[in-house]
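Take a look at the structure below.
The values are calculated or read from the model by the stated rules, or taken from the named source; none is laboratory data. Keep in mind that what you see is a predicted model, and the values were worked out from it rather than measured. We place every Cβ from the backbone using ideal geometry, glycine too, and count neighbours over all the protein chains shown.
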Amino acid sequence: MTVEWRKANPDRPWNGSFQFRRIRIKAAPGNRLRALRPILTADLVYQGNRFPTFALIDSGADWSLIPWEVALELGIDVATLPGPDRGVSGSTGAGRGRAVEVELDLRVNPPPGPMILPFVAMRPPLDTKAASTASKTVLVGRHPFFEWFDIHFRMGYTTDPDLGKWTVRQVTKKHPADMYRKAPTMPTVEGPVT
């Protein structure tokens, strides 16, 4: 599967600082909670089809994910995609989908440039009428986004708990991979252990 980032400006690293978006969450009937989330405005592009959406930068997700409603809008037929189904679970329940390459264009200034990412496009649930269609937000998981960028969440930099910001800094690869592949050795202790 292709993973590619075509930088808008190859001569400069892409960095950004963003405010969290305040989201209201239904916790129970009549009870709403607020949460700060790292969300960016974005476009997804698949075979010439463009879909405006929001991208939640999700450090808890291994892979990026496209809800089934967004996959339909993009013209992705999950049933015809090659490869096996992949299981996805979370607080909203389990689902199944298949991997597909989709272009992600973040609408920020300055733009980082288009990124081709592997997403898991979700299959529609068996009962689409009963399924929640409240969110068409895509999840951008760790692979490969967090390999290209260091993400820092800064929740407590003011005295107001409803404020926060997060930063994105392009990773500069400085260390050889072999440095991290070696297993650490533990010191040997001779004699009786007390």
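Structure values in brief
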{"read-out": "Subset of region 159-173 [of a type in the set (A, V, I, L, M, F, W, C), at pLDDT 80 or above and in a loop (DSSP other than H, G, I, E, B)]", "value": "Val171"}
{"read-out": "So Glu4, is it within 16 Å of the chain's Cα centre (by Cα) and among the charged types (D, E, K, R)", "value": "yes"}
{"read-out": "Residue check for Asp105: among the acidic types (Asp, Glu) and at pLDDT 75 or above", "value": "yes"}
{"read-out": "Qualifying residue in region 177-187 (condition: modelled with pLDDT of 70 or more and acidic (Asp, Glu))", "value": "yes"}
{"read-out": "Sole exception among (1) over 22 Å from Trp148 (Cα atoms); (2) touching a Leu at 6+ places or on another chain (Cβ under 6 Å) for Ala55, by number", "value": "(1)"}
{"read-out": "Selected residue [out of contact with any Phe, Trp or Tyr (no Cβ under 8 Å at 6 or more places or on another chain), at pLDDT below 90 and within 18 Å of Pro38 (Cβ to Cβ)] from Ser132, Ser91", "value": "Ser91"}
{"read-out": "Among the residues listed as Gly113, Gly83, the single one being within 24 Å of His152 (Cβ to Cβ) and at pLDDT below 95", "value": "Gly113"}
